[in-house]
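Take a look at the structure set out below.
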Amino acid sequence: MINTAMDFLTTRLGPLGPLYAIGLFGFLLVLGTLPLLLQKKTDPVDRIKAQAGPKAKKPTEQPDQPKLRFQEKGPNLDKFAAFLEPQDQKTFSATRLKLIQAGYRSKNAVRTMHFAQFALALGFLFLGVIYVLLNMSWMTLQSTLMAIIIPGGAGYYLPVYWVERRRQTRQQNLTEGFPDALDLMLVCIEAGQSLDQAIQRVATEIRPGYPDLAEEFEIVASEVKAGKDRVNVLRDMAERAGSQDISAFVTVLIQSASFGTSISEALRVYAAEMRDKRVMRAEEKANKLPTKLTLGTMMFTLPPLLVILIGPSIYDIYLTLSGAKLP
């Protein structure tokens with residue numbers, strides 16, 4: 001019976017047919033055991049302790065460790081949190097900070113990102129298997145493995161790439177809109193408004209042009225109204241933005257408040273510096289432009305020019321060497 005099955009698989013699927021059958025059987029076994037592994041059963045000892053009621057902790061017991069995630073009831077991914085989120089506090093905090101800097105501030109952002117990695121990896125892996133099954137007649141073992149592994153890896157790292165690109169784009173938008181926001185804030189403060197009122201007004205005025213920066217200023221204004229310390233609020237803003245210009249601005253405001261100097265004078269000097277810095281960035285991009293255009297010029301201008309100039313001569317040489325008469 002085994003020999004008959006091996007002959008059947010070899011005839012239908014080629015020389016690697018038994019290997020494909022074993023791999024498919026192992027994949028089905030993994031899918032069948034996943035629900036059993038993910039389903040958490042209550043330990044009988046824990047059930048007895050719960051029925052006995054709460055007891056006072058002993059002095060020798062260690063205090064509760066800080067929670068890495070928000071405990072919620074209802075989301076479908078909550079029961080898979082142990083598999084979809086990092087268990088290390090440092091890794092969890094770093095991932096959450098990157099997502100916040102990219103603009104994803106929801107409580108389940110880390111969980112959703114890891115679920116997207118898992119789902120896309122399995123989906124692309126499944127597509128790779130289908131591609132291999134459809135083109136099995138001419139594919140070798142190496143090409144088969146590459147066709148399955150590469151899509152799975154691409155699907156796994158696609159959410160990471162998306163978040164990183166979104167983070168870089170958002171930081172660039174914050175940096176570009178910050179000089180205008182500083183000028184407007186300086187005008188508001190010199191008009192007699194307080195720093196909190198100026199921040200709220202700037203957030204309202206720059207929303208059409210720079211929505212990400214307006215959102216950051218609105219968060220600062222809301223936290224200050226809620227009673228949070230202004231220094232901590234500004235530091236949190238610098239951490240969320242991830243921009244060097246905003247971090248320097250926060251440092252200027254904190255030092256101005258600590259030494260008792262005028263905020264308007266500090267803002268005037270820093271706003272002028274930001275305008276000069278923006279001009280320098282524009283000049284830097286303008287200076288890089290000729291270098292970037294060189295490759296395109298060589299690729300799309302020189303080949304047609306060479307064909308026009310040298311083409312007739314090459315044709316005449318070919319006719320001369322072949323012995324044909326020139327028209």
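The values are calculated or read from the model by the stated rules, or taken from the named source; none is laboratory data. These figures come from a predicted structure and were not determined experimentally. All Cβ positions, glycine included, derive from the backbone under ideal geometry; neighbour counts span all protein chains shown.
Here are the numbers for this structure:
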| read-out | value |
| --- | --- |
| Single residue of 174, 234, 186, 213 found to be surrounded by 19 or more Cβ atoms within 10 Å (Cβ to Cβ) and more than 29 Å from the chain's Cα centre (by Cα) | 186 |
| Residue list for segment 148-186, filter: closer than 30 Å to residue 198 by Cβ, among the aliphatic types (A, V, I, L, M) and either touching a Phe, Trp or Tyr at 6+ places or on another chain (Cβ under 8 Å) or in the same structural domain as residue 98 (by TED's automatic domain parsing) (or both) | 174, 181, 182 |
| Flag for residue 205 being of a type in the set (Asp, Glu), outside the structural domain of residue 95 (by TED's automatic domain parsing) and either in contact (Cβ under 8 Å) with a residue 12 or more places away in the chain or under 30 Å from residue 280 (Cβ atoms) (or both) | yes |
| Criterion (surrounded by 10 or more Cβ atoms within 10 Å (Cβ to Cβ), of a type in the set (Ser, Thr, Tyr) and in contact (Cβ under 8 Å) with a residue 24 or more places away in the chain) met by exactly one of 262, 243 | 243 |
| Matching residues, segment 182-217, being farther than 18 Å from residue 252 by Cβ and in a helix (DSSP H, G or I) | 197, 200, 201, 203, 204, 205, 211, 212, 214, 215 |
| Helices (runs of 4 or more DSSP H) wholly inside segment 223-327 containing at least 2 residues that are farther than 23 Å from residue 183 by Cα and modelled with pLDDT under 85 | 263-300, 302-322 |
| Residues that are among the aliphatic types (A, V, I, L, M) and surrounded by 14 or more Cβ atoms within 10 Å (Cβ to Cβ), drawn from segment 265-298 | 266, 267, 271, 272, 274 |
